[in-house]
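*Asks:* So that we are looking at the same thing, I have put the structure below in structure tokens.
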Amino acid sequence: GPYYKGMTVAIPLYSAMLPHKNTAGSVCDFLSQYYEGERFIKVIDYESEGGIKDGVLCATGCNGTNNLEIYVRGNDKHILLIARLDNLGKGASGAAVQCMNIMLGIDEATGLEE
């Protein structure tokens, strides 16, 4: 794409290979509960189009932030996990600043864009 930062990462899963009977909706529910209250991680509701416009998830939608958006799509057999982030902001540098803040006992968002 014509951009220097921003990325999406996709992970395909097969429901039959997971330990329990899972669907895309149940995986989305699990991730929503797991990341509930996390400041920089947002799980997009399974029924919502979220940042998808005209069938496309633009990789630059989180640019300029320390945010990570997780999308779950699929059906009873195939599940696709998609993460969208600013690889220059949420990447190693943003993670280092966030970890340093936590280690120093200050607000984890200090110096980071939401």
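*Asks:* Please report the carbon-and-sulfur percent of the accessible area for the chain; probe 1.4 Å, protein heavy atoms only, DNA, RNA and ligands left out.
*Replies:* Looking at the chain in its full context, I get 57 percent from C and S.
*Asks:* If F40, F30 are ordered by their accessible area, calculated over protein heavy atoms with a 1.4 Å probe, which sequence runs from highest to lowest?
*Replies:* Descending order: F30, F40.
*Asks:* Okay, moving on. Based on Cβ point charges of +1 for Lys and Arg and -1 for Asp and Glu, what charge dipole magnitude is obtained for the chain about its Cα centre, in debye rounded to the nearest 20?
*Replies:* Value, rounded to 20: 400 debye.
*Asks:* What dipole magnitude, in Debye to the nearest 20, does region 36-84 give about its Cα centre under +1 on Lys/Arg Cβ and -1 on Asp/Glu Cβ?
*Replies:* 200
*Asks:* Please report how many Lys pairs in the chain have alpha carbons closer than 29 angstrom, counting only residues at least 8 apart along the chain or sitting on separate chains.
*Replies:* 10
*Asks:* Loop-only trypsin sites (Lys or Arg not before Pro) in region 24-110, please: DSSP not H, G, I, E or B, and at most 12 other Cβ atoms within 10 Å. The partial results should precede the final answer.
*Replies:* Working: sites: R39, K42, K53, R73, K77, R84, K90; in loops: R39, K77, K90.
Here the sparse-neighbourhood loop sites are K77.
*Asks:* Let me ask something else about it. Which whole-number percentage describes the relative contact order of the chain, with Cα contacts under 8 Å and a sequence gap of 6 or more?
*Replies:* Computed value for the chain: 32 percent relative contact order.
*Asks:* Okay, moving on. How far, in degrees from 0 to 90, does helix 24-34 lean away from the longest principal axis of the Cα atoms of the chain, to the nearest 10?
*Replies:* 30
*Asks:* While we're here: List every residue whose amide H lies under 5 Å from the amide H of H78, counting only residues 5 or more places away in sequence or on a different chain, with H placed 1.01 Å from N in the peptide plane.
*Replies:* S15
*Asks:* Further question: Compute the acute angle (0 to 90°) between the alpha-carbon long axis of helix 92-104 and the principal axis of greatest extent of the alpha-carbon atoms of the chain; round to the nearest 10°.
*Replies:* Result, in degrees: 70.
*Asks:* Another question about this same structure. Considering only protein heavy atoms, what per residue accessible area in square angstrom results for the chain with a 1.4 angstrom probe?
*Replies:* On a per-residue basis, 64 Å².
*Asks:* Out of all DSSP beta bridges with both ends in the chain, state the antiparallel percent to the nearest 5. Don't skip to the answer; put the middle values down first.
*Replies:* On the way: 17 of 20 bridges.
Just about 85 percent of them are antiparallel.
*Asks:* Name the shape class, rounded, prolate or oblate, that the alpha-carbon gyration tensor gives for region 1-68, where a ≥ b ≥ c are the square roots of its eigenvalues, rounded holds for a/c under 1.5, and otherwise prolate holds if a/b is larger than b/c and oblate otherwise.
*Replies:* Values: a/c = 2.09, a/b = 1.56, b/c = 1.34.
Cα axes put region 1-68 in the prolate bin.
*Asks:* Further question on the same structure: Along the charge dipole of the chain, pointing to its positive end and built from +1/-1 on Cβ of Lys, Arg, Asp and Glu, which listed residue (Y34, I82, L104) has its Cα farthest out?
*Replies:* So the residue we want is I82.
*Asks:* Computed on alpha carbon atoms, what radius of gyration and Dmax characterise the chain, expressed in Å?
*Replies:* My reading of the Cα-based Rg and Dmax gives 15.4, 45 Å.
The values are calculated or read from the model by the stated rules, or taken from the named source; none is laboratory data. All values reported here derive from a predicted model rather than from experimental measurement. Every residue, glycine among them, receives a Cβ derived from its backbone with ideal geometry; neighbour counts consider all protein chains shown. With ligands, DNA and RNA removed, areas are computed over all heavy atoms of the protein, side chains included. Shrake-Rupley method; radii C 1.70, N 1.55, O 1.52, S 1.80 Å.
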